[in-house]
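Structure first, commentary second.
The values are calculated or read from the model by the stated rules, or taken from the named source; none is laboratory data. Just so you know, these numbers come straight off a predicted model, no measurement behind them. Here Cβ is always computed from backbone atoms with ideal geometry, including for glycine, and neighbour counts include all displayed protein chains. These accessible areas exclude ligands, DNA and RNA; they are computed on the full protein's heavy atoms, side chains included. Shrake-Rupley method; radii C 1.70, N 1.55, O 1.52, S 1.80 Å.
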Amino acid sequence: MDDKVGLDPSSWAPWTHRPYCAETPYCAFTNSMFRGNNGVSIITTSEIAASSPELLAKLTTPIVETASVEFPYTVRDIPGKGKGLFAARRIARGEVFLEDYPSVLADVEFPGRVRRDQGQLLLQRAIEQLGQAEEVLSLARSSTAGAPVQEDVMRTNTFGITLGERSRMALFPKISRINHACSPNAFTRFAESTIVNKVIAFRDIEPGEEITISYLEVGLPSQERQRALHNRWGFQCTCELCSASAGEIAASDRRRERIRAVRQEVLEHVQRRDFNSAIKANEELVDLIVKEKMAPHLGEHYEVLARLYLAATDLKSAKKYAQLALVDLEANGGSTVYDSVEELRQLLEWR
Ligand SMILES: C[S@@+](CC[C@H](N)C(=O)[O-])C[C@H]1O[C@@H](n2cnc3c(N)ncnc32)[C@H](O)[C@@H]1O
C-alpha cells in the first residue's frame, strides 16, 4: 500500500493523510477533518477498508458538532484514581449527558498480526495525525512494564465495539476520563449508525457526585473482577462491593455464579426451543439480579421474558413483561438508547 498510494494527496482520498502501513497488511488511515479538527484514525487492512464503504463514509464525513453546549460534568483529579468526571448539576436517570465520537479505531486482531514494533509505528502514526493528538496522548496509562505511550493509552482507554461487522478497539477521549465502579451510576451505549457513544445515567446523579461506569461485564464474581481490573487497568478495586465483608462477598459470589449458570441455561433452553423452561430460568435470573442489585439491567431481562412468552404463544404474559420492560427502558433513556422500544410498544397493541 505504501508504494501503491502516491505522494499526490488526491490519491489518498477519502483520507486527508497518506495511508501509512509500516510494511504490514494493516495501515493507519486518517481523516483529520472529522469533528472540526479533532480527526479520526482507523487501523485496518486496505481490503477491509475497501469492503466497508458505509463505514468509510461515516469516518470521512466532516462532522461538525453543534455549537458548544454546556457540559453537565467537570473533570477533576481524585487521589489514587488520576482524573475523573463529576456531575456539575443534577443528572436525571435516563439522561444522555455525554456523547462522544471515536478518535482512534483499530481492528482487534491487528496487534496479534503484526510485529510489536510495527504495531507501535502504526499506532504512533494514527495518533500523531490527529488534531487532538496531545489530548489523546495525555489520557491515563496503566502499564507497569514500561509499554510505549501509544500502546499503553490504547490498552487503558479503549472500548470493544462492533463496527462494520467487525470487532474493533475504539478510543473515545471524553468518555476515557470516566472511572470504574462495580455498581456504577452510568452506562455507555455505542450506536453503530452514528458512531456515537452515549453515556446515560442509570440513576439520578447528584451535583458533585463522581460519574462512574463498569469497565467489565456487570455481574462478575469478586476474584475475576479484581483480577481483570488489576491486569488490564492496573488498579486495586476498592468499590463498595470489593470492600464488603468476606461473608457478603461470598454470598454475592454465589449469586453471581448462579446468574452466570442460569444465563447459560436460558440459552440452552432457547436453542432446544423449550420456551417454558427458558421462561422459568429467566424468572429465576430476574430474581437473582434484583437480589444482587444489578437492577439497571432489568429492562433488558424483562424484554427477553416478553420475547420468550411470545415464542411460547402466551400473549398475555408477553404483554405483561413488555410493559415492565418499557417502563424500565424508558426510564433509562428510551428509544434514544434502546432500539427495541418501538417494537415493544407495538407488541402492547397486539390483539
Ligand atoms: C479509562 S481511565 C479512567 C480515567 C483516568 N482516571 C484518568 O485519569 O484519565 C482508566 C484508569 O483510571 C484509573 N481508575 C479507573 N477506575 C478506578 C477505580 N475505581 N479506582 C482506582 N483507579 C481507577 C486506573 O488507573 C485506570 O487504569
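Brief remarks follow.
- Computed FRET value (nearest 0.05) for residue 343 with residue 23, which takes r as the C-beta separation and R₀ as 51 Å: 0.60
- Within the straight-line cut-off of under 18 Å between alpha carbons, the lysines reachable from residue 58 are 198, sequence neighbours fewer than 8 places apart in one chain being disregarded.
- Straight-distance crosslink candidates among lysines, where the alpha carbon sits under 23 Å from residue 280 and sequence neighbours closer than 8 are dropped: 291, 293, 316, 319, 320
- Per residue, the chain exposes an accessible area of 50 Å² to a 1.4 Å probe, with every protein chain left in place.
- Sites residue 117 and residue 316, calculated FRET efficiency, Cβ-Cβ separation with R0 56 Å, nearest 0.05: 0.35
- Cα centroid separation - the range 324-351 against the range 265-308, whole Å: 17 Å
- Estimated from helices alone, the mean residue ellipticity of the chain at 222 nm is -12000 deg cm²/dmol (sum of -39500 (n - 2.57) over DSSP H runs with n ≥ 4, per residue).
- Charge context of residue 217, other residues only, Cβ under 11 angstrom, K/R +1, D/E -1: +3
- For the chain, the share of accessible area belonging to carbon and sulfur comes to 52 percent (1.4 Å probe, ligands and nucleic acids excluded).
- Using the average count of surrounding beta-carbon atoms within 10 Å as a protection proxy, the listed peptides 120-127, 133-140 rank, highest first, as 120-127, 133-140.
- Taken about its Cα centre, the range 9-213 carries a charge dipole of roughly 200 debye when the Cβ of each Lys and Arg holds +1 and the Cβ of each Asp and Glu holds -1.
- Summing charges over neighbours of residue 250, with a neighbour being any other residue whose Cβ is under 15 Å away from its Cβ, gives +1 when K and R count +1 and D and E count -1.
- Computed over the Cα atoms of the range 9-213, pair by distinct pair, the Kirkwood hydrodynamic radius stands at 17.7 angstrom.
- Centroid-to-centroid, using Cα positions, the range 81-119 and the range 138-203 are 3 Å apart.
- Local electrostatic count at residue 167 - Lys and Arg +1, Asp and Glu -1, tallied over other residues with Cβ under 10 Å: -1
- Column: log10 I(q)/I(0), Debye, Cα scatterers of the chain, q = 0.13, 0.14, 0.15 Å⁻¹: -1.14, -1.25, -1.35
- Cα-Cα separations in the range 246-348 greater than 25 Å, expressed as whole percent: 22 percent
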